[in-house]
Structure formats: structure tokens, C-alpha cells
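The values are calculated or read from the model by the stated rules, or taken from the named source; none is laboratory data. Worth saying up front: this structure is predicted, and the values here are computed from it rather than measured. Glycine also receives a Cβ, built like all others from the backbone with ideal geometry; neighbour counts cover every protein chain displayed. For accessibility, only protein heavy atoms count, side chains too; no ligands or nucleic acids. Shrake-Rupley method; radii C 1.70, N 1.55, O 1.52, S 1.80 Å.
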Amino acid sequence: MKNLILEGFMGCGKSSAAEMLSKELSLELCDTDSMIEKAQKMTINEIFEKEGESAFRDMETALLEELGAKTGPCVISLGGGMPVRAENRALLKKLGTVIYLKAPLRVLVNRLEKEHDNRPMLRGYDLEERIGSLLKEREGAYLEAADFTIGVTEGMKIGDTVSCIRKACGL
Ligand code: S3P
């Protein structure tokens, strides 16, 4: 069995779906943001503040390389910006089956409204404008990396998303 990798914009439900999926399939869970925070002993916010975005992106690429050397399948939840670098997309192709959780702008804005101050890529911007422009920039990368795309709609439960993922992957 290949690794199952969830990608998508912040707020699309990757982490929660990955957690449920890993429990249902009894697979190890790897959350790239948490792994980077643990390794650096800093929060993502602190990394952005102290080291800057490009250092964080290098950490993401290094982590993908490390994950490629791991034995045994796991469920991997990616930080929302991970597929933007072409180098990362090439690593993802080798790493496993990539599932894109595609949520429309309105759903993302609603979900991120309360917590966007905790997200360095969103803090200080007009939320809707910023999410809209990042989505536009990233959509091609998400689609290019994906083996399957799952539509996430308003009110959709995490369990529904997980069922769609399992169906798409024949699991
Ligand atoms: C980012 C998404 C975040 C985290 C960092 C940058 C992005 O992960 O990696 O704040 O560029 O979209 P989540 O998508 O898990 O929130």
C-alpha cells in the first residue's frame, strides 16, 4: 500500500480528515506542520517570524525527502503551501497517492475567519482577497500534484470527506 497524502488550502480539513483516516485504516499519521514544529522546537508562526518564509519552505522540502525514506505506509497531511514548489510536486509523485481536498473560496473564508491571525500567510491581509489570490496562484499546483480531487462543500462532515477519499482510493 502507498502513502496517502492529503493536500489543499488552509482550512480545507486536511488535518482532521488525515487523523480520522489514519485511525480507520490503522496507519501512522504524519502532519508536516507538526513535524516541522517539533523538529525546530518552534511554532510555525515563530519560524516565519524568526527565519522567514523561504527558510520554512526549505524545511518543508527537506521533510518530504525524509518522508520518502520512511518504511511502511502512512497518512500524510501537508501544509497548504507544500505543492507550490515544482521540486516538492516531483517528490510528492514518488511519495504516494495525493488527494486534493478542494474547497470553494466561501467555505475557506468562513472557516478561516476566526483563526486567520494564527496563520502567517493570512495575517494582516483582507481575508477574502488574500485567500482568493493565493487560491488562484496555487490551484494549478494542487491539480498537478493530485491523483484524485475531492470537492469539499459547506456543511460537509469530516466523515463524509473520509468516505469520499476511501472510495476514490478503493480502500
Ligand atoms: C501554509 C499553510 C499552513 C502552514 C503555514 C503555511 C500555506 O498549513 O504550513 O502556515 O502557505 O498555505 P495548513 O494548511 O495545515 O494550515
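Think of region 86-171 as a dipole: +1 on every Lys or Arg Cβ, -1 on every Asp or Glu Cβ, centred on the Cα centre; then among Gly155, Val109, Cys169, Cys169 lies furthest on the positive end.
Charge dipole (Cα centre; +1 on Lys/Arg Cβ, -1 on Asp/Glu Cβ; no other charges) of the chain amounts to roughly 520 debye. Checking the Cα-Cα distances for Lys114/Lys167; Lys94/Lys114; Lys70/Lys167; Lys38/Lys114 against a 29 Å cut-off, the pairs over it are Lys114/Lys167; Lys94/Lys114. As a ratio to 2.2 N^0.38 Å, the alpha-carbon radius of gyration for the chain is 0.98. For the pair Met1 and Lys114 in one chain, pulling the backbone fully straight at 0.36 nm per residue adds 36.9 nm over the alpha carbon distance. Span-like helix check, the chain: no full DSSP H segment qualifies, none having both a Cα axial length of 27 Å or more and a mean Kyte-Doolittle of -0.5 or more. Of all segments of the chain bounded by GluC sites (Glu not before Pro) found in a DSSP loop with no more than 15 other C-beta atoms within 10 Å, the longest spans 52-112. What a 1.4 Å probe finds exposed on region 59-163 is 51% carbon and sulfur by accessible area, rounded to a whole percent. Measuring from a point 7 Å past the Cα of Arg106 along Cα-to-C-beta, which residues in region 120-140 have an amide N at less than 19 Å? From region 120-140, the list is 127-133, 135-136. Only protein heavy atoms count here; on that basis, with a 1.4 Å probe, Cys164 has an accessible area of about 50 Å². Annotation: extensible slack from Ser16 through Glu66 equals 15.7 nm (criterion: 0.36 nm per residue apart, minus Cα-Cα distance). With the whole protein complex present, Arg89 retains an accessible surface near 40 Å², based on a 1.4 Å probe. Can you pull the one-decimal nm distance between simple spin-label points at Ser133 and Ser34, each 7 Å off the Cα toward Cβ? Label-label distance for Ser133 and Ser34, simple model: 3.3 nm. Run lengths n ≥ 4 of DSSP H only: what is the helix-derived mean residue ellipticity at 222 nm for the chain, with -39500 (n - 2.57) per run over all residues, to the nearest 500? Calculated at 222 nm, the ellipticity per residue is -16500 deg cm²/dmol.
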